[in-house]
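Peer 1: Take this structure, written in structure tokens, and hold onto it; I'll ask about it next.
The values are calculated or read from the model by the stated rules, or taken from the named source; none is laboratory data. Computed from a prediction, not measured in an experiment: that's the story for all the values here. So basically every Cβ, Gly included, is an ideal-geometry build from the backbone, and we count neighbours across all protein chains shown.
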């Protein structure tokens with residue numbers, strides 16, 4: 001993003017969980033209207049909208065176009081576009097909205113991320129896609145945890161076992177999830193529970209995995225100048241960057257893949273840090289929401305995001321620095337581990353969770369004191385695309 | 001014209017070994033001791049044939065040169081309508097125009113060798129690849145199930161340097177119903193054992209063997225080894241007795257550890273017959289099935305004589321005991337989670353060189369290899385300047401993971417990333433226990449069935465850790 005700065009002036013989200021009694025449209029309406037209310041606007045003020053939903057025609061009623069957002073909101077006669085970019089979908093939708101604001105194509109842009117994954121059993125959700133859809137032979141046998149099982153195995157070979165650190169991530173994130181009223185899983189776990197959980201893929205057990213979840217989250221974006229005029233509380237989207245580095249079915253065929261992390265995260269982080277002028281992220285950032293789809297992912301995210309040296313991600317979580325009272329608390333929402341991962345919603349939800357920290361809107365036990373600069377990170381597909389967003393309090397930029 | 005002979009021999013014995021007494025106990029029955037081999041859940045007659053053929057051909061690509069015909073024999077075809085030999089030839093990268101399947105009779109493996117000799121004599125082929133493989137199903141719980149086994153075999157027939165020169169052959173057909181399977185049957189039916197043994201199998205084999213000897217101008221007493229492939233126990237002994245043979249049979253070990261392997265069986269027996277043979281000695285192999293076919297050969301001065309036997313011994317050393325429940329899931333005797341992966345016949349056709357032939361591309365400008373194939377080079381971004389890259393069929397494991405979610409009939413699925421030459425293949429790991437996997441472990445790539453999406457078997461190359 002170049003030119004003028006983008007402000008987040010409205011935020012809304014459903015609780016994440018199993019919303020058997022609510023439809024996809026219900027969730028979209030609840031998140032969007034809450035965000036628009038939060039901005040002090042009405043639906044009629046929205047002049048463009050983006051919908052982040054990763055998978056269409058998969059769970060039940062989600063379509064493959066922006067009409068799945070326009071229809072429930074009656075948002076007619078305006079551009080409404082669906083964005084899909086694997087697990088980076090929601091964050092990319094925010095990026096699209098932000099670009100429109102910066103470019104002057106939209107004054108008040110609405111971005112909604114939504115995924116209704118529990119209109120089917122978990123087996124028929126993401127796993128079912130891997131088993132029954134996609135390329136008939138290439139990468140057949142791959143599952144989401146399987147992508148990260150390969151990494152945990154190689155990490156063990158090169159650096160030593162990440163098991164203890166993975167357990168620490170699970171304990172930390174479920175601690176936060178237990179005190180986040182919007183999380184899907186709201187119980188703390190102890191290390192024994194994590195390590196005794198049913199095996200899923202390689203080193204990854206059930207409590208190293210995020211659950212299958214319904215949810216929606218929405219933001220309203222405008223320019224910083226307009227936000228100031230409105231005189232409302234806002235945060236600034238300093239950078240919202242995305243990088244694709246591999247294909248989908250072929251990602252694990254890539255000879256350049258070291259299976260110790262993700263080039264996509266490294267590339268997106270480099271772009272975002274350059275834009276935000278961040279040179280020492282561990283020292284400069286106050287709060288981080290990163291893509292902990294599996295506990296090992298958070299460990300390697302630390303390294304890919306430059307918060308730790310290669311191979312040293314384990315030490316960062318084991319030191320407690322990314323937990324309560326630490327120097328850089330990570331996933332104070334409970335992360336994907338506790339919130340779940342309704343794919344299109346997650347990236348938007350993470351940006352909101354960072355912004356809520358900066359605005360000191362969190363429950364006292366989760367609130368990071370004096371947080372001014374935060375990062376949200378989404379990792380998509382088999383690690384082949386990633387998005388990194390930097391959010392700031394306005395006065396920090398002044 | 002030179003006499004045709006068997007130039008190379010390859011045997012594939014599946015890794016799973018099922019204890020006969022354990023299987024019998026499951027049905028409150030009693031069994032003779034020993035074990036039978038069981039094809040893995042991803043193996044069928046086609047894949048076992050390919051694996052045997054890869055062994056017969058060896059790693060040198062020039063072994064494929066001059067193979068003008070591929071004959072595929074089985075009684076357990078994957079397709080009722082669609083040719084196996086054509087799929088096998090593509091997987092082996094053999095551009096043979098003459099592909100033929102021989103199905104329906106337990107003797108069709110040896111018949112394929114006879115026909116190969118005919119093609120060579122007639123001048124329409126220089127070398128013929130004959131493949132015989134079976135994954136036979138018999139009445140669950142019955143004695144024939146326990147005494148059967150699964151295996152594949154392949155021989156190259158030609159007039160070049162050979163292991164065995166074929167100096168005599170005989171065949172005849174008989175319409176009697178002894179063993180048969182109708183299209184709707186899930187397993188083969190066997191008529192009364194005594195009737196089949198004494199009235200059909202024994203006289204069939206004795207007659208074919210006798211005629212082959214007569215044709216070659218020898219008597220049964222001139223044989224140095226003889227073996228008789230028959231689906232019922234004790235037939236071999238009664239044939240030997242009828243012919244007055246005193247030479248030892250090589251079949252004892254096969255009966256104990258493998259079982260009767262259908263069309264592949266005479267080739268397993270041949271492989272064992274050849275060990276410890278001296279040049280010039282005579283070996284007879286006969287197979288029963290709707291009559292019988294017998295081949296008589298002279299052992300050549302060839303250093304590959306014990307190759308087949310050592311392949312079998314190596315396979316048996318790597319045996320892994322198969323729990324009865326897993327066997328029953330693999331064979332469809334117990335239900336497994338149904339899956340129906342989507343497919344596209346058009347995509348499979350477009351990508352035939354990828355999934356079946358295991359070919360990628362190599363940038364002509366910078367030399368970077370790509371698998372799956374690419375049009376734009378990942379290294380130098382040159383567009384459409386690629387040569388075909390034939391992947392070697394071995395490599396080394398880079399990383400792996402043991403999957404517990406993806407539904408397969410075995411206890412777990414292993415996914416592996418394999419460095420193959422200068423490219424990489426991400427694929428299922430098969431015939432391998434989790435504790436045999438690790439970074440750097442050498443693997444072979446073997447053709448296996450991935451699934452039956454759209455009622456079409458989908459094949460791809462899987463990794464198999466070799467110790």
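Peer 1: Please identify the pairs in which a residue from region A:133-153 that is more than 7 Å from every other protein chain (Cβ to nearest Cβ) has its Cβ atom under 7 Å from the Cβ atom of a residue that is assigned to a helix (DSSP H, G or I) and at pLDDT 95 or above, counting only partners at least 6 apart or on another chain.
Peer 2: A:148/A:296; A:148/A:297; A:151/A:296; A:151/A:300; A:152/A:296
Peer 1: Give just the number: which of (1) buried (at least 22 other Cβ atoms within 10 Å of the Cβ); (2) assigned to a loop (DSSP other than H, G, I, E, B); (3) in contact with a strand residue (DSSP E or B) (Cβ under 7 Å, 6 or more places away or on another chain) does residue A:232 not satisfy?
Peer 2: Status for residue A:232: all satisfied but (1).
Peer 1: Cβ-Cβ under 8 Å, sequence separation 6+ or interchain: first residue in region A:250-277 and farther than 14 Å from residue A:383 by Cβ, partner part of a helix (DSSP H, G or I) and at pLDDT 95 or above. Which pairs?
Peer 2: Close Cβ pairs (under 8 Å, with a partner that is part of a helix (DSSP H, G or I) and at pLDDT 95 or above) amount to A:273/A:281.
Peer 1: If we keep just the residues of region A:176-196 that are buried (at least 21 other Cβ atoms within 10 Å of the Cβ) and assigned to a helix (DSSP H, G or I), which is nearest to the other protein chains (Cβ to nearest Cβ)?
Peer 2: A:194
Peer 1: In this structure, is residue A:130 surrounded by fewer than 24 Cβ atoms within 10 Å (Cβ to Cβ), at pLDDT 95 or above and either within 14 Å of chain B (Cβ to nearest Cβ) or farther than 21 Å from residue A:290 by Cβ (or both)?
Peer 2: Working: surrounded by fewer than 24 Cβ atoms within 10 Å (Cβ to Cβ): yes; at pLDDT 95 or above: no; either within 14 Å of chain B (Cβ to nearest Cβ) or farther than 21 Å from residue A:290 by Cβ (or both): yes.
So residue A:130 does not fit the description; no.
For every residue, the table says whether it meets (1) within 21 Å of residue A:352 (Cβ to Cβ); (2) under 16 Å from the mean Cα position of the chain (by Cα).
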residue: A:294; (1), (2): no, yes
residue: A:298; (1), (2): yes, yes
residue: A:308; (1), (2): no, no
residue: A:313; (1), (2): no, no
residue: A:319; (1), (2): no, no
residue: A:333; (1), (2): yes, yes
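Peer 1: Name the one entry in A:11, A:27, A:99 that is in a helix (DSSP H, G or I) and over 16 Å from residue A:119 (Cβ atoms).
Peer 2: Numbers: A:11 fails: in a helix (DSSP H, G or I); A:27 fails: over 16 Å from residue A:119 (Cβ atoms).
The conditions single out A:99.
Peer 1: Restricting to strands (runs of 3 or more DSSP E) lying wholly in region B:405-453: which have 3 or more residues that are over 21 Å from residue A:143 (Cα atoms) and touching a residue at least 12 places away in the same chain (Cβ under 8 Å)?
Peer 2: Strands (runs of 3 or more DSSP E) meeting the threshold: B:442-451.
Peer 1: Have a look at A:391, A:348 and point out the one that is outside any loop (DSSP other than H, G, I, E, B), over 16 Å from residue A:276 (Cα atoms) and within 15 Å of the chain's Cα centre (by Cα).
Peer 2: A:348
Peer 1: Identify all residues within region A:235-276 that are within 14 Å of another protein chain (Cβ to nearest Cβ) and not in a loop (DSSP other than H, G, I, E, B); write none if there are none.
Peer 2: Once the filter is applied, which keeps residues that are within 14 Å of another protein chain (Cβ to nearest Cβ) and not in a loop (DSSP other than H, G, I, E, B), region A:235-276 yields A:244, A:251, A:252, A:253, A:263.
Peer 1: Quick check on this structure: which one of B:118, B:123 is surrounded by fewer than 22 Cβ atoms within 10 Å (Cβ to Cβ) and not in a loop (DSSP other than H, G, I, E, B)? Break it down stepwise before answering.
Peer 2: Numbers: B:123 fails: not in a loop (DSSP other than H, G, I, E, B).
Criteria check complete, one pass: B:118.
Peer 1: If you don't mind, there's one more thing I want to ask. If I ask for residues that are in contact with a helix residue (DSSP H, G or I) (Cβ under 8 Å, 6 or more places away or on another chain) and in contact (Cβ under 8 Å) with a residue 40 or more places away in the chain, which ones from region B:68-83 would you list?
Peer 2: B:68, B:69, B:70, B:71, B:72, B:73, B:74, B:75, B:76, B:78
Peer 1: Can you tell me which residues in region A:378-387 are under 19 Å from residue A:337 (Cα atoms) and not in a loop (DSSP other than H, G, I, E, B)?
Peer 2: A:378, A:379, A:380, A:386, A:387
Peer 1: Do we have any residue at all in region A:209-221 that's crowded, with 19+ Cβ neighbours inside 10 Å, within 14 Å of chain B (Cβ to nearest Cβ) and more than 12 Å from residue A:337 (Cβ to Cβ)?
Peer 2: Yes, region A:209-221 contains at least one residue that is crowded, with 19+ Cβ neighbours inside 10 Å, within 14 Å of chain B (Cβ to nearest Cβ) and more than 12 Å from residue A:337 (Cβ to Cβ).
Peer 1: For residues that are under 25 Å from residue B:136 (Cβ atoms) and free of Cβ contacts under 8 Å to residues at least 12 places away in the same chain, scanning just region B:324-344, find the one that is nearest to the other protein chains (Cβ to nearest Cβ).
Peer 2: It comes out as B:338.
Peer 1: Can you pull out the residues in region B:440-455 that are surrounded by 17 or more Cβ atoms within 10 Å (Cβ to Cβ) and at the interface with chain A (Cβ under 9 Å from one of its Cβ atoms)?
Peer 2: Selection gives B:450, B:451, B:453.
Peer 1: Picking from B:391, B:348, B:385, B:378, which residue would you name as being touching a residue at least 40 places away in the same chain (Cβ under 8 Å), surrounded by 14 or more Cβ atoms within 10 Å (Cβ to Cβ) and out of contact with any strand residue (DSSP E or B) (no Cβ under 6 Å at 6 or more places or on another chain)? Walk me through how you get there before you give the answer.
Peer 2: Values: B:391 fails: out of contact with any strand residue (DSSP E or B) (no Cβ under 6 Å at 6 or more places or on another chain); B:385 fails: touching a residue at least 40 places away in the same chain (Cβ under 8 Å); B:378 fails: touching a residue at least 40 places away in the same chain (Cβ under 8 Å).
Only one candidate qualifies: B:348.
Peer 1: Still on this structure, I have one more. Determine, yes or no, whether residue B:398 is facing another protein chain (nearest Cβ under 8 Å), in contact (Cβ under 8 Å) with a residue 40 or more places away in the chain, at negative phi and surrounded by 18 or more Cβ atoms within 10 Å (Cβ to Cβ).
Peer 2: So residue B:398 passes the test.
Peer 1: Farther than 16 Å from residue A:54 by Cα, surrounded by fewer than 22 Cβ atoms within 10 Å (Cβ to Cβ) and touching a strand residue (DSSP E or B) at 6+ places or on another chain (Cβ under 6 Å): does that describe residue A:109?
Peer 2: No, not satisfied.
Peer 1: Only one of these is under 25 Å from the mean Cα position of the chain (by Cα), at the interface with chain A (Cβ under 9 Å from one of its Cβ atoms) and at pLDDT 95 or above: B:408, B:425, B:417. Name it.
Peer 2: Sole residue among the options that is under 25 Å from the mean Cα position of the chain (by Cα), at the interface with chain A (Cβ under 9 Å from one of its Cβ atoms) and at pLDDT 95 or above: B:425.
Peer 1: Consider residue B:109 carefully, then state whether it is assigned to a helix (DSSP H, G or I), within 27 Å of residue B:360 (Cα to Cα) and within 17 Å of the chain's Cα centre (by Cα).
Peer 2: no
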